[in-house]
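Below is one structure, written out as C-alpha cells; the observations come after it.
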Amino acid sequence: MEAGWNIEAAPGSTWPGGAMATASPVESLREEATCPLCLEYFTDPVVTACGHNFCRACISQCWEGPGPATSCPQCRDQVQQGPLRPNRQLANMVELVKQLSLPAASGVGEGGVCRAHQEALKLFCKKDQAPICMVCRESRAHRAHIVAPLEEAAQEYKEKIQAHLKTLRDEREKLLGWKATGEGRSQEYLKQTQAERQKIVAEFQQLRQFLEEQERLLLAQLEKLEEEIGRLQTHTVRRLSTQISRLSELIH
C-alpha cells in the first residue's frame with residue numbers, strides 16, 4: 001500500500017490484540033476510506049507531502065488563497081503547495097469498501113443450501129474457495145481437501161484484514177520516524193509496504209470472490225424455493241378441484 005495512507009485507530013477502539021478491539025474489519029476499513037474534511041468516502045484521493053490523505057476538491061478548497069506555503073489540516077505541518085500526488089490504491093480500497101458495505105454482504109453464509117445435496121452449507125473448502133455441505137465433504141471431489149467451518153473461515157478472512165491493517169499502520173509509523181530523524185532509508189520501507197499492498201489486494205480479491213459466490217448461491221436457492229411454492233400451489237388447486245367435482249357428482 002502507498003505510504004500516503006493515514007492508518008490510525010478510530011476513537012474508542014484499538015487495533016487487533018488490544019483490550020477494546022470491538023470494531024469489525026469492514027467498519028475499520030470504512031473509517032480508513034473516509035476523508036477527514038468532508039467525512040464522506042474519499043473522492044479522487046490525493047496525498048500531501050506530510051503523508052495525509054484528502055479528497056482533491058476538499059484540500060484544494062482548504063488551500064485556496066495566495067502564498068506557496070500552507071498547513072496540513074490534519075497535522076498542521078507547513079507544506080509547500082504544488083501538484084498533489086493521487087493515491088490510486090486508496091481510491092481502489094474505497095471502491096471495495098463501498099461493495100463490502102452493501103446489505104447483500106451482511107447475510108452471507110446464513111441459510112445457504114447445497115444445490116447438489118439439499119444440505120446446509122456449513123463448511124468451507126479452502127482449496128476450491130467455496131462453501132460445501134457435509135455430504136460434499138465426504139465426496140471424492142473434496143475428501144482430500146482442507147475444510148473449515150463456514151463461520152470460522154469468514155472470521156479468518158476478517159482477522160487477516162485486521163492483521164494487514166496493523167502491519168500497514170506499523171510501517172507508516174516507521175516511515176514517519178525515519179523522516180523525522182533525517183535517515184535516508186525510506187526506499188527500503190516503501191518496498192515493504194509495496195509487498196504488503198500486494199498481499200492485502202490479493203486477500204480482498206479472494207474475499208470478494210467468496211462474497212459473490214455466497215450471494216449467487218443464496219439467490220439460486222431463493223429462486224428454487226419460489227418454484228417449489230408455485231408447484232405446491234398448482235398441486236393444491238388441482239386436488240381441491242377434484243374434490244369439488246366429486247362432491248358435485250354426489251349432490252346431483
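None of the figures in this text is laboratory data; all of them are computed from the coordinates on show. Keep in mind that what you see is a predicted model, and the values were worked out from it rather than measured. Here the Cβ positions follow ideal geometry from the backbone for every residue, glycine too, while neighbour counts run over all protein chains shown.
Multiplying the residue separation of residue 152 and residue 220 by 0.36 nm and subtracting their alpha-carbon distance yields 22.1 nm. Panel order for 145, 52, by other beta carbons found within 10 Å of each beta carbon, from fewest to most: 145, 52. Summarising the label geometry, the points placed 7 Å from Cα in the beta-carbon direction at residue 64 and residue 250 lie 8.6 nm from one another.
Each Lys or Arg adds one and each Asp or Glu subtracts one; over the other residues with Cβ under 12 Å from the Cβ of residue 142, this totals +3. Over all Cα atoms in region 25-101, the spread is summed up by Rg and Dmax: 12.9, 42 Å.
If you take all other residues with their beta carbon under 12 Å from the beta carbon of residue 55, and give Lys and Arg +1 and Asp and Glu -1, the sum is -1.
Per-residue Cβ neighbour counts within 10 Å put 160, 126, 191 in the sequence 191, 126, 160, beginning with the fewest. Taking every C-alpha pair closer than 8 Å and separated by at least 6 residues, the mean separation divided by the residue count of region 112-171 gives a relative contact order of 26 percent.
When each of 132, 200 is scored by the number of other beta-carbon atoms lying within 10 Å, the sequence from fewest to most is 200, 132. May I ask you to list the residues of region 134-162 whose amide nitrogen lies under 18 Å from a point 7 Å from Cα along the Cα→beta-carbon direction of residue 115? Residues passing the 18 Å test: 134-137, 141-142.
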